[in-house]
């Protein structure tokens, strides 16, 4: 087994730059980004239309519906938007992570990569932060939605910041799981499906098991439930800890898989 380089982990930076270059050269990256912005833009437009309609009905004295949304831009637009973005990312992040290890295996470059002095964590962190950079870039561009709201109304700044922080934790967790799924197969399609199905289970588990002890376990493992507090402006230690532990757990599993492949290389 080749020895790992000592000192600052510049090797991870080398892997990171290589992966960023591949992302920027891959048509799949741009397909995923376009799909994300089309879906998020369409949903933002729909949410705003419903809010404007509710405001119009309130101003004209129309009888409010029992399920009418509250006339508050933060509760009616910002919170629903970030809940929707959380769900949309279930589809987009697997598209960004599915090639990270699977394609290396398929093309035969993975064995060459692990036979170098690069450590398993060097490879892992380089790939992880490259994918996370693309995800964070998507999140940064999405600032246009709160800016539009701020231009016409007055959304609560702390809630917007909390929503973005929560979505960042979601992207970190989705990326860690997607990298894990990619390490399980040499097929990008299989890796993408595994990532989506796995994340969907973690997203829905709190709804599937909603009573008794199973309900408590489901709630503790539910990505959706842990992210909802962020959309309300609440940043709690249990929610932050969940996302950090979730991410580290699947990064650790991926590191074990990479190390096992290194011994076989």
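Summary table below
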quantity	calculated
Contact order relative to length of the chain, as percent, for alpha carbon pairs under 8 angstrom and 6 or more apart	26
Förster radius 45 Å - calculated FRET efficiency between residue 221 and residue 22 (Cβ-Cβ, nearest 0.05)	0.85
Spin-label pair residue 207/residue 109, simplified geometry with 7 Å Cα→Cβ offset, distance in nm	3.8
Three-way shape call for region 124-265 based on the alpha-carbon gyration tensor, with the a/c threshold at 1.5	oblate
Added length on full extension, which subtracts the Cα-Cα distance from 0.36 nm per residue, residue 240 to residue 46	66.8 nm
Translational diffusion of region 90-171, µm² s⁻¹ [Kirkwood Rh, Cα pairs; Stokes-Einstein; 37 °C; 0.692 mPa s]	215
Contour minus Cα-Cα distance for residue 139 and residue 253 (0.36 nm per residue)	38.4 nm
Theoretical ellipticity at 222 nm over the chain - DSSP helices of four or more residues, -39500 (n - 2.57) apiece, nearest 500	-26000 deg cm²/dmol
Projected label distance in nm at residue 214 and residue 10, using a 7 Å step from Cα toward the beta-carbon	5.5
Label point distance in nm, residue 154-residue 190, each placed 7 Å from Cα along Cα→Cβ	5.7
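Throughout, read-outs are computed from the coordinates displayed, never taken from laboratory work. On a predicted model such as this, the values are computed, not experimentally measured, just so you know. Every residue, glycine as well, gets a Cβ built from its backbone with ideal geometry; the counts of neighbours run over all protein chains shown.
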